[in-house]
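Read-outs: derived from the displayed coordinates by stated rules, not from any lab. Computed from a predicted model, the values in this text were never measured in an experiment. Here the Cβ positions follow ideal geometry from the backbone for every residue, glycine too, while neighbour counts run over all protein chains shown.
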Amino acid sequence: MKINISALFVVLFSACSEYDIKQLCVNTNNAFDVEEVSVLQDAAAYPGARDAIVMDFDSGDFSADEGWRVVTVEALAMIPTWEFDVYNDNADITIEIYDANNPNTVTPWVITQTIKRSDWEWREVRLPDNAATAGQTFDFDQMRAWVSFDFSNLIPESGMSSDQYLVSVSWGNNSDLAVGYSNFNLACDKNWTDWGDGFNLNSTTANAFECSWPMFRLELETRKYEDNCND
């Protein structure tokens with residue numbers, strides 16, 4: 001999706017008498033979809049914990065007055081089918097965005113949302129028989145919904161600066177609403193977990209693809225000067 005911004009960027013070339021007029025173009029693009037790299041394996045909630053994933057972004061071709069930022073995070077909320085009709089619509093999920101690849105070095109942008117069934121589109125799914133957490137209580141039949149967290153009014157338009165950033169899901173001490181988790185086939189050296197005593201990286205070994213990630217989908221917004229925003 002592209003949006004024209006009325007502000008114009010004008011550059012005068014000394015060798016000619018004409019102006020090269022550029023427009024500030026705002027593009028919103030899908031940046032990550034966990035279902036493109038893995039499959040739903042489990043549903044899990046960890047009250048008092050946080051689970052974060054490192055994402056990559058190449059910001060090398062952005063000038064000083066251009067920028068990029070995360071605008072939307074979707075997390076896959078999960079409720080056991082037997083519980084769905086009696087769920088009381090009061091559990092929270094928190095999403096955090098860190099402008100760094102180490103969550104211990106910066107302050108995140110944070111959104112906490114109370115998950116109400118009527119706000120989202122739910123569908124039934126059956127987890128595989130080897131679901132690591134839900135399988136312990138035999139909760140293989142689940143209701144799932146992609147819940148959206150809008151960061152466009154929180155992260156400034158001036159954007160983010162790190163070539164790597166973190167997206168974290170967290171639960172309050174009294175929140176037990178599960179989120180979907182992927183198969184154990186994703187990178188552990190991009191997975192930070194905080195069990196209540198601070199974030200730790202799950203592995204420093206590259207190509208250790210044996211971790212399960214929270215089910216996320218991300219949208220990024222870029223702001224760049226271009227000749228034509230409709231291209």
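Some points to look at:
- Alpha-carbon radius of gyration plus Dmax, which is the widest Cα pair, for segment 78-169 in Å: 16.7, 47
- Put a plus charge on the Cβ of each Lys and Arg, a minus charge on the Cβ of each Asp and Glu, and nothing anywhere else: the dipole of the chain about its Cα centre is then about 200 debye.
- Dipole check for segment 38-84: with +1 at the C-beta of Lys and Arg, -1 at the C-beta of Asp and Glu, and the Cα centre as origin, the magnitude is about 280 Debye.
- Rounded FRET efficiency, nearest 0.05, which uses the C-beta distance separating ASP129 from ALA208 and R0 of 30 Å: 0.75
- Length added when fully stretched, THR28-ALA49, from 0.36 nm per residue minus Cα-Cα: 4.5 nm
- Treating each Cα of segment 31-218 as an identical point scatterer and summing with the Debye formula, the log10 of I(q)/I(0) at q = 0.11, 0.12, 0.18 Å⁻¹ comes to -0.48, -0.57, -1.26.
- Sparse-neighbour loop sites [GluC sites (Glu not before Pro); segment 63-169; at most 11 other C-beta within 10 Å; DSSP]: GLU121, GLU157
- Restricting attention to the chain, lysine pairs at least eight places apart or on different chains and with alpha-carbon atoms under 29 angstrom apart total 4.
- Positive-end extreme of charge dipole, the chain - chosen from ASN207, ASN30, ILE95 (charges on Cβ): ILE95
- For segment 31-218, with +1 on Lys and Arg beta carbons and -1 on Asp and Glu, the positive-most of THR114, ASN153, THR133 along the dipole: THR133
- Prolate/oblate/rounded label for segment 161-220 (Cα gyration tensor, a/c 1.5): rounded
- Convex hull of segment 112-231 built on C-alpha atoms - directionally averaged projected area, nm²: 11.5 nm²
- Of the trypsin sites (Lys or Arg not before Pro) in segment 31-118, the ones in a loop by DSSP (not H, G, I, E or B) with at most 13 other beta carbons within 10 Å are LYS116.
- Label-point gap, in nm, between GLU35 and ASN153 - each point 7 angstrom along Cα→Cβ: 2.8 nm
- Between THR193 and GLU226, the FRET efficiency from the beta-carbon distance, with R0 = 35 Å, is close to 0.30.
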